[in-house]
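Enquirer: Sharing a structure, written as structure tokens. Questions coming.
The values are calculated or read from the model by the stated rules, or taken from the named source; none is laboratory data. Worth saying up front: this structure is predicted, and the values here are computed from it rather than measured. Positions of Cβ are backbone-derived with ideal geometry, glycine not excepted, and every protein chain shown enters the neighbour counts.
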Amino acid sequence: MKNLLYIDGKWTGNNLSKNAVHNPATGERIAEVPRGGKAEAMAAVEAAYKAFEEWSDTTAYERAALLKKYYGLIIDHEDELAELMTKEMGKPLKEARGEVHYAANYIEWYAEQAKRIYGETIPTHDKNKRLQVWKKPVGVVAAITPWNFPAAMLTRKMGPALAAGCTVVIKPSSDTPLTAIKLVELAEEAGFPKGVINIVIGSSSEIGDVFLSDSRVRKVTFTGSTEVGKILMKQGADTIKKLSLELGGHAPIIVLNDADIDKTVQGVVASKFRNAGQTCVCGNRIYVQSGIYEQFIDAFATRVKELKVGNGMEEGVDIGPLINQAGVEKVAQHVEDAVKHGATIVVGGEQPKEKGNYYKPTIIKDANEEMLMMREETFGPLAPVQKFETIEEAIRLANDTPYGLAAYVFTENLSLGTNIIEKLDYGIIGWNDGAPSAVQAPFGGMKESGLGREGGQQGIDDFLEMQYVSIGI
Ligand code: SIN
């Protein structure tokens, strides 16, 4: 494994100062990675810019064949990638394996989709003209990816970009660069031409500055916080940068009186505790109708008590460590604030005895809007439950946030479910489903949760320019 930057087909950066990568389960230093900055980002952009001419000239079938080969290599290296991911990020090995497949599937899906980038013909108003819409790759794409899904967020951007004929410069999170480096190593093995894929790791501000200000970068695609997304929008204004932003969430889960308890508990656990609650689409506040409130909490608590906390490398672990101590402190602060405002801890509510960035999966009941955990994203294993009476009240509570990424509704009633969902301002809805993400479906949010969609047939549009051509004949 190289632990280096990859620019213009060469592994480089040995001469740079290094950033340590730590295992959040043990605190152990597991690698050192060069700390790139402005010069490396500029070199990578230059390489991607040079490579664009030839890469964009390949046929969709050539690009699809390479992407398919790349997909196969990712699958062949499932164990290695999953272990790297668990060691640098903390998620349990079984979840890491799931993420490797999820990541690989984006590459495979867009290999197929490359062949379906269709233009349009438009009925003409003039017998002597033919009107058409052609599709072209946008150009150099800079992809900034987060630590919580070190593989899938990268391939969700890289897959459609490469399929469309764009070249890419990747900047993964400095907390979890190892999975990304391995994925680039496999791309090299697959045979992508030099300059088509580049990776720089290091100073977010210096690298981000180059991405946003260099006019050769035609598009920046970012997954991360709303706070940083707003900064990127401002920085990109001077070059009218095309942006895709997948930002913060604060997902509501609405459980109606008629919900199927087993299905609901299963869905809520999947939504809330996946990746120890460190997922933008994780349920962050649970609204339960009064008729089912106590019954739901009992069943939910029984299931959550069974979840095993520990080092993700150990067999049977469900909840790994949080990424760092600040993550643990945020959960603790939300719990403390909730108790101070009158909520009751049902399960958890503390750190386990093991050393490391752990927090026990926690359920808190009798939550209300005054509490911090009901107003902002916790990004940890804390499940607050609030009682509601009417459907209007649930919709008001659910929409009362600047965010609009994912929401969940549990009801067996078709009409009620449909009416509620139509009123929810969220880009993704799980109806009796705690895990709606799928490579073939559009992922993205409304309001301050972002711009654009990733995945699915919609996910390639952001990497394509539309060119209207009027032909006189
Ligand atoms: C995210 O947290 O943004 C990604 C989650 C997913 O793809 O399901």
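Enquirer: Of all residues in the stretch 450-463, which are in contact (Cβ under 8 Å) with a residue 12 or more places away in the chain and more than 10 Å from the ligand (Cβ to nearest atom)?
Expert: The answer is L451, G452, R453, G456, Q457, Q458, G459, I460, D462, F463.
Enquirer: Then there's this: What are the residues in the stretch 26-42 that are surrounded by 13 or more Cβ atoms within 10 Å (Cβ to Cβ) and of a type in the set (D, E, K, R), if any?
Expert: Passing the criteria: R35, K38, E40.
Enquirer: Quick check: anything in the stretch 119-128 buried (at least 24 other Cβ atoms within 10 Å of the Cβ) and either in the same structural domain as I201 (by TED's automatic domain parsing) or over 23 Å from F443 (Cβ atoms) (or both)?
Expert: No: zero hits.
Enquirer: Further question: Quick one: is Y102 touching a residue at least 12 places away in the same chain (Cβ under 8 Å), assigned to a helix (DSSP H, G or I) and either touching a strand residue (DSSP E or B) at 6+ places or on another chain (Cβ under 9 Å) or of a type in the set (F, W, Y) (or both)?
Expert: The answer is yes for Y102.
Enquirer: Among the listed residues Q278, Q325, identify the single one that is within 19 Å of E88 (Cβ to Cβ), assigned by TED's automatic domain parsing to the domain that holds I428, of a type outside the set (A, V, I, L, M, F, W, C) and touching a residue at least 40 places away in the same chain (Cβ under 8 Å).
Expert: Q278
Enquirer: In the stretch 276-305, which residues are out of contact with any strand residue (DSSP E or B) (no Cβ under 6 Å at 6 or more places or on another chain), outside any loop (DSSP other than H, G, I, E, B) and within 16 Å of the ligand (Cβ to nearest atom)?
Expert: Of everything in the stretch 276-305, just one residue is out of contact with any strand residue (DSSP E or B) (no Cβ under 6 Å at 6 or more places or on another chain), outside any loop (DSSP other than H, G, I, E, B) and within 16 Å of the ligand (Cβ to nearest atom), namely G277.
Enquirer: For the structure I just gave you, tell me whether Y426 is outside the structural domain of K115 (by TED's automatic domain parsing) and touching a strand residue (DSSP E or B) at 6+ places or on another chain (Cβ under 8 Å).
Expert: Taking the combined requirement at face value, the residue satisfies it.
Enquirer: So which residues in the stretch 72-99 are assigned to a helix (DSSP H, G or I), of a type outside the set (K, R) and surrounded by 20 or more Cβ atoms within 10 Å (Cβ to Cβ), if there are any at all?
Expert: Answer for the stretch 72-99, where residues must be assigned to a helix (DSSP H, G or I), of a type outside the set (K, R) and surrounded by 20 or more Cβ atoms within 10 Å (Cβ to Cβ): I74, L81, A82, L84, M85, T86, E88, M89, L93, E95, A96, E99.
Enquirer: Can you name the residue in the stretch 207-253 that is assigned to a loop (DSSP other than H, G, I, E, B) and away from the ligand (no atom under 16 Å from the Cβ) and is also farthest from R35 (Cα to Cα) among such residues?
Expert: The extreme case among them is I240.
Enquirer: So G316 fits all but one of (1) assigned to a loop (DSSP other than H, G, I, E, B); (2) over 21 Å from P384 (Cβ atoms); (3) within 16 Å of the ligand (Cβ to nearest atom); what number is the exception?
Expert: (3)
Enquirer: Among the residues of the stretch 406-440 satisfying the criterion of being surrounded by 15 or more Cβ atoms within 10 Å (Cβ to Cβ) and closer than 19 Å to K157 by Cα, which is farthest from the ligand (Cβ to nearest atom)?
Expert: G427
Enquirer: Hey, could you check the stretch 294-316 for residues that are buried (at least 19 other Cβ atoms within 10 Å of the Cβ) and closer than 19 Å to Q266 by Cβ and say which is nearest to the chain's Cα centre (by Cα)?
Expert: V304
Enquirer: Take the conditions part of a helix (DSSP H, G or I), at pLDDT 95 or above and of a type outside the set (S, T, N, Q) and apply them to K194. Does it pass?
Expert: Here the answer is no, as K194 does not meet what is asked.
Enquirer: If you check V268 against the conditions, is it away from the ligand (no atom under 16 Å from the Cβ), crowded, with 17+ Cβ neighbours inside 10 Å, assigned to a helix (DSSP H, G or I) and within 26 Å of the chain's Cα centre (by Cα)?
Expert: Taking the combined requirement at face value, the residue does not satisfy it.
Enquirer: Which residue is farthest from the ligand (Cβ to nearest atom), if the candidates are limited to the stretch 105-149 and must be assigned to a loop (DSSP other than H, G, I, E, B), among the β-branched types (V, I, T) and within 30 Å of S205 (Cβ to Cβ)?
Expert: Among those residues, the one meeting the criterion is V138.
Enquirer: In the stretch 150-182, what count of residues is obtained for those that are in a loop (DSSP other than H, G, I, E, B) and in contact with a helix residue (DSSP H, G or I) (Cβ under 6 Å, 6 or more places away or on another chain)?
Expert: Qualifying residue count for the region: 6.
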